[in-house]
Structure formats: C-alpha cells, structure tokens
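J.: Here it is, the structure, as structure tokens.
The values are calculated or read from the model by the stated rules, or taken from the named source; none is laboratory data. These numbers come from a predicted model, not from an experiment. Methodologically, a virtual Cβ is constructed for each residue, glycine included, from the backbone with ideal geometry; neighbour enumeration extends over all protein chains shown. Note: accessible area is taken over every heavy atom of the protein model, side chains too, but ligands, DNA and RNA are not part of it. Shrake-Rupley method; radii C 1.70, N 1.55, O 1.52, S 1.80 Å.
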Amino acid sequence: MAKRVIVTIGREFGSGGREIGKALADSLGVEFYDKELLEVAAKESGISRDLFESNDEKPVSSLLYSMSVNPYSMGNLMGVDHVPINQKLFLAQFDAIRKIVRERDCVIVGRCADYALRDEPDCLNVFIHAPLQYRVERVKRLYEMSGGEAKDLISKIAKKRAAYYNSYSDKKWGEIGSYHLSFDSSLLSTGDAVELIKSFAAMRK
C-alpha cells in the first residue's frame, strides 16, 4: 500500500511556515489546515469558534500534560462539566486532528499536530525556522510595523508557541530531535522549500 501524505509543520513566527505549508498542500493536492482546524474542532465539539480563536495555541497548566497522555481519564474521573474550558478546547482540537487524518491526507500547521499524530507511521514532522533579522524584516513588511514592534511580536508569539507545545508534548518546541526535518527558510524560496519537503518525504522508508 502506498504511503499516505500527512505532514505537520511547526514554525517560528515570521519564517513563512504557513505559506510553505499552504503551497505544499496545493502542490500535493491535499487539504490544508491552520486556523481551518478551529472550524472543524468547533463543528465537531459544539463549542463556539470564538472560544477556539481566543484561546488558540495558548499554554496551559501542567495538569493538561497528564490529560494529553490519557485525554479521557480526567473527564471520566471528574465528569466533563468539571473540565475547564481551555482543557476542553485542547481535547476538541486533539480529536479533530486525529479525525481529519483518519479521513484524508493533509498538511497541518501548528497546534501540537505532531504530538496528536505521534502514533501515525506515515506522518512527517517538519520544523521551519529562520534567523531573527530575516523574520523581523518579513514581519515588518507583512504587518506594516516598525522593527521594534516586529521584534516584540516575534518574541511574544515564540514564547506562547513554545509554552503551548511544551505543555502538551513530551518533546520540546523547536528542538531538532523532535522533528524529522528542520530547515532555514531564509535560504530557500517557497517553491524550493516545498520541493525539499516533497523530496525528503519520498526518500523515507
């Protein structure tokens, strides 16, 4: 049986990870999920999308790590009504990711997707990074802000993403050993980055 196409992408803010992920999905002819995942999770769980938006990739307490290892144990113990809303949101996204992958090939950006799919043998986990100055210049251009504002935003989002990932995963956000492939996007065009990921995926046993 041919291997499935399942790619998760972790990314530093400003590295172009989302754009590369979207271009990869288009090139492969598969579905793409970034914030689109929030819509799926909201629909499946019955929880307002606004709540998912306002809590997107926000870190949580260490209590959630034990829940992510055995997501339903706390609900069974306490009753789902007693689970705080941010915990329900994580579990809903966790389930949505796994449901999507059961139904279709895809590229998923962020949201601990690599951890949610840790038992999926065909899943390729990619991390995209770039030097700080490259990311500052890119964020300045995209969001029309000063260099200082861009640098502050990059720092804020990096801390949030790392805390979120580290809260749920037994790995560390951005640590090379946590991913199958990691590369510097400042050295490649978007098209070249897409071809790199495709070539790497094709070489995997």
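Let's see how each residue does on (1) among the polar types (S, T, N, Q); (2) at pLDDT below 95:
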position: Arg4; (1), (2): no, yes
position: Ile9; (1), (2): no, no
position: Glu12; (1), (2): no, no
position: Ser15; (1), (2): yes, no
position: Asp26; (1), (2): no, no
position: Lys35; (1), (2): no, yes
position: Phe52; (1), (2): no, yes
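J.: Also: Which residues, counting only those in region 164-186, are part of a helix (DSSP H, G or I) and open to solvent by less than 40 Å² (accessible area, probe 1.4 Å)?
T.: Pass one, region 164-186, residues part of a helix (DSSP H, G or I): 164-168, 176-178, 185-186.
Selection gives Tyr164, Tyr165, Ser167, Tyr168, Ser178, Ser185.
J.: Of the conditions (1) part of a helix (DSSP H, G or I); (2) touching a Phe, Trp or Tyr at 6+ places or on another chain (Cβ under 9 Å), Ala201 clears all except one; give me its number.
T.: All conditions are met except number (2).
J.: Given Val136, Val126, which one is under 23 Å from Leu38 (Cβ atoms), crowded, with 16+ Cβ neighbours inside 10 Å and modelled with pLDDT of 95 or more? So that I can check it myself, show each step before the final result.
T.: Values: Val136 fails: under 23 Å from Leu38 (Cβ atoms).
The conditions single out Val126.
Conditions tested, residue by residue: (1) in a helix (DSSP H, G or I); (2) within 30 Å of Arg4 (Cα to Cα).
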position	(1), (2)
Leu91	yes, yes
Lys99	yes, yes
Tyr115	yes, yes
Pro121	no, yes
Phe127	no, yes
Val139	yes, no
Leu142	yes, no
Lys156	yes, no
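J.: A follow-up question, please. Looking only at region 95-140, which residues are without any contact (Cβ under 8 Å) to a residue 40 or more places away in the chain and within 17 Å of the chain's Cα centre (by Cα)? Working first, answer last.
T.: Residues of region 95-140 that are without any contact (Cβ under 8 Å) to a residue 40 or more places away in the chain, as a first pass: 98, 102-103, 116, 118-119, 121, 132-133, 137, 140.
Arg98, Ala116, Arg118, Asp119 - these are the residues of region 95-140 that are without any contact (Cβ under 8 Å) to a residue 40 or more places away in the chain and within 17 Å of the chain's Cα centre (by Cα).
J.: Quick one: in region 7-31, which of the residues that are hydrophobic (A, V, I, L, M, F, W, C) and either out of contact with any helix residue (DSSP H, G or I) (no Cβ under 7 Å at 6 or more places or on another chain) or surrounded by fewer than 23 Cβ atoms within 10 Å (Cβ to Cβ) (or both) is farthest from Tyr134 (Cα to Cα)?
T.: Residues of region 7-31 that are hydrophobic (A, V, I, L, M, F, W, C), as a first pass: 7, 9, 13, 20, 23-25, 28, 30.
Adding the requirement that they be either out of contact with any helix residue (DSSP H, G or I) (no Cβ under 7 Å at 6 or more places or on another chain) or surrounded by fewer than 23 Cβ atoms within 10 Å (Cβ to Cβ) (or both) leaves 13, 23, 25, 28, 30.
On the way: Phe13: 11, Ala23: 20, Ala25: 24, Leu28: 28, Val30: 29 Å.
This residue is Val30.
J.: Under the condition of being out of contact with any Leu (no Cβ under 7 Å at 6 or more places or on another chain) and part of a helix (DSSP H, G or I), which residue from region 187-197 is most open to solvent (accessible area, probe 1.4 Å)? Working first, answer last.
T.: Initially, region 187-197 is screened for residues out of contact with any Leu (no Cβ under 7 Å at 6 or more places or on another chain), giving 187, 189-193, 195.
If we keep only those that are part of a helix (DSSP H, G or I) too, we end up with 187, 190-193, 195.
On the way: Leu187: 132, Thr190: 64, Gly191: 41, Asp192: 86, Ala193: 1, Glu195: 91 Å².
So the residue we want is Leu187.
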